[in-house]
Amino acid sequence: MKEQFYAYIENLQDQITSKIEALDGKAIFQEDLWQRKEGGGGRTRIIENGDIFEKGGVNISKVFGDLPAPLRKQFGVEEGNFFACGLSLVLHPINPFLPTVHANWRYFEMYNASGEIVTQWFGGGQDLTPYYLFDEDAIHFHTVCKLACDKHHLEFYTQFKKTCDNYFWNAHREEARGIGGLFFDYLKETEEFTIEDRYNFVTEVGNSFLDSYVPIVEKRKDLSFTRTQKDWQEIRRGRYVEFNLVHDRGTLFGLKTNGRIESILMSLPPIVQWKYNHQPEENSEEERLIKVLKNPKEWV
C-alpha cells in the first residue's frame, strides 16, 4: 500500500503544480529535493510572486525509521519503526477576494520488531479560508467535497465536515480558521471498510481538489481591491499563522520526526499583520465573515 499511495501523490503533485502554474501565468514552482538523515526525504515545490499567487507550496514527503520518542509516547509503545508519506499544499493568493486553500492527504504505517504492520491508516482533507465571503464559492467548495464523499459513503461528508469544523478551530480566538471542508484521520481497516476502500476514498478526495478550488480562482482573480481590503487579508492571515503554530498536528508531526523545517513552515503566508484588538466595522463584509467563523454553518 505504501508504494501505491506514494506513487499516487507523486503524480498528484505533478497534476496540481502544472495546473497552478497555468492558472497563474507568470510564476513557476521552484523544486527542492531533500533527504532526512534518519530515513526518507521529500520533494518540495514552492511558487512565489506570481500574478495570482503570492506564495504557495505543494510538497510530498516520505519518512521512515525508528519511531521518535515523542511518537512512542503518543502511541503508547516502547519501540518500533514507522513509515509515513503524504502530500501537503497551501496556496496564498494576492487578491483578498481569493481564498487561501489548504489540503493534505497522508498514509502511516507502524511495525513491530519482526517488521510486520501493527497499524496503518489514512488521513487528510481540504479546507478553504476566505477573507471576504462569497456564499456561492463556499457552496461550490463544499458541494465538490460532498460529491467525492457520497461516492463512498453517504455519511462521510457530514462526519468529516463536522470533524473539519472542530479541528480547524482557533480555540484561543473562539473562531474557525476558515469555512471548513473535510478533515479525517486514523482511517483504518474495519469490518465495513478494507484498507483498499480507504485508499479509494482518500484518492477520490485528492482527485477532486482542483475541481473544488480552480473555478473559484477563475471567477474572482480579476476583481479589483483596495489597500484597506488588502490590510484585512493580512490581518486575517495572522489568524492562519496562529493556528498553524499553536494547534496544527501536521506541523507538530513534522517537527517531532525531524522533517525539513523549510517544508514544514512553507504554509506560512509571506506578509502578515497583527493589529492590537482589531475589530471590523459594524455591518461590514468583514464583520459578516467573522460571524460565520464564530458559528460554522452548513453550506450544502
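Answer yes if at least one residue in the range 126-133 is surrounded by fewer than 22 Cβ atoms within 10 Å (Cβ to Cβ) and either in contact with a helix residue (DSSP H, G or I) (Cβ under 6 Å, 6 or more places away or on another chain) or in contact (Cβ under 8 Å) with a residue 24 or more places away in the chain (or both), and no otherwise.
Taking the range 126-133 as the starting set, the residues that turn out to be surrounded by fewer than 22 Cβ atoms within 10 Å (Cβ to Cβ) are 132-133.
Then drop every residue that is not either in contact with a helix residue (DSSP H, G or I) (Cβ under 6 Å, 6 or more places away or on another chain) or in contact (Cβ under 8 Å) with a residue 24 or more places away in the chain (or both), which leaves 132-133.
Within the range 126-133 (the criterion being surrounded by fewer than 22 Cβ atoms within 10 Å (Cβ to Cβ) and either in contact with a helix residue (DSSP H, G or I) (Cβ under 6 Å, 6 or more places away or on another chain) or in contact (Cβ under 8 Å) with a residue 24 or more places away in the chain (or both)), the answer is yes, since at least one residue qualifies.
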TODO: Please specify each residue of the range 235-273 satisfying the condition of being β-branched (Val, Ile, Thr), surrounded by 19 or more Cβ atoms within 10 Å (Cβ to Cβ) and touching a strand residue (DSSP E or B) at 6+ places or on another chain (Cβ under 8 Å).
DONE: THR257
- [ ] Out of the residues in the range 247-280 that are touching a residue at least 60 places away in the same chain (Cβ under 8 Å), in a helix (DSSP H, G or I) and polar (S, T, N, Q), state the one that is nearest to PHE82 (Cα to Cα).
- [x] SER263
Open item on the list: Give me the residue from the range 166-191 that is surrounded by fewer than 18 Cβ atoms within 10 Å (Cβ to Cβ) and within 23 Å of GLU204 (Cα to Cα) and, out of that set, farthest from the chain's Cα centre (by Cα).
Closed with: GLU191
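Considering only the range 209-230, I want to know if a residue exists there that is of a type in the set (A, V, I, L, M, F, W, C), at pLDDT 95 or above, within 16 Å of the chain's Cα centre (by Cα) and surrounded by 20 or more Cβ atoms within 10 Å (Cβ to Cβ). Quick ask: steps written out before the conclusion?
First, pick out the residues of the range 209-230 that are of a type in the set (A, V, I, L, M, F, W, C): 209-210, 214, 216-217, 223, 225.
Applying the additional criterion that residues be at pLDDT 95 or above yields 209-210, 214, 216-217, 223, 225.
Now narrow it down to the ones that are within 16 Å of the chain's Cα centre (by Cα): 209-210, 214.
When the remaining residues are screened for being surrounded by 20 or more Cβ atoms within 10 Å (Cβ to Cβ), the result is 209.
Yes: one or more hits.
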TODO: Of the conditions (1) touching a Cys at 6+ places or on another chain (Cβ under 8 Å); (2) farther than 30 Å from GLU281 by Cβ, ASP127 clears all except one; give me its number.
DONE: (2)
TODO: Take ASP137 and decide whether it is outside any loop (DSSP other than H, G, I, E, B) and closer than 25 Å to LYS219 by Cα.
DONE: yes
Task: Search result, residues across the range 160-192 that are in contact with a His (Cβ under 8 Å, 6 or more places away or on another chain) and either among the charged types (D, E, K, R) or over 19 Å from VAL292 (Cα atoms) (or both) - done: LYS161
- [ ] Would you check if PHE243 is under 30 Å from VAL63 (Cβ atoms), in contact with a Lys or Arg (Cβ under 6 Å, 6 or more places away or on another chain) and either touching a residue at least 60 places away in the same chain (Cβ under 8 Å) or not in a helix (DSSP H, G or I) (or both)?
- [x] yes
Task: Residue that is surrounded by fewer than 19 Cβ atoms within 10 Å (Cβ to Cβ) and not basic (Lys, Arg), where the choices are TYR107, TYR111 - done: TYR111
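So which residues in the range 254-279 are among the β-branched types (Val, Ile, Thr) and over 14 Å from the mean Cα position of the chain (by Cα)?
As a first pass, look at the range 254-279 and keep what is among the β-branched types (Val, Ile, Thr): 257, 261, 264, 271-272.
Of everything in the range 254-279, those that are among the β-branched types (Val, Ile, Thr) and over 14 Å from the mean Cα position of the chain (by Cα) turn out to be THR257, ILE261, ILE271, VAL272.
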Task: From LYS62, LYS55, LYS37, residue being part of a loop (DSSP other than H, G, I, E, B), under 16 Å from SER263 (Cα atoms) and either out of contact with any strand residue (DSSP E or B) (no Cβ under 9 Å at 6 or more places or on another chain) or not β-branched (Val, Ile, Thr) (or both) - done: LYS37
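The values are calculated or read from the model by the stated rules, or taken from the named source; none is laboratory data. Just so we're clear, the structure is a prediction, and the values are computed from it rather than from any experiment. Neighbour counts run over all protein chains shown; Cβ positions are idealised from the backbone, glycine included.
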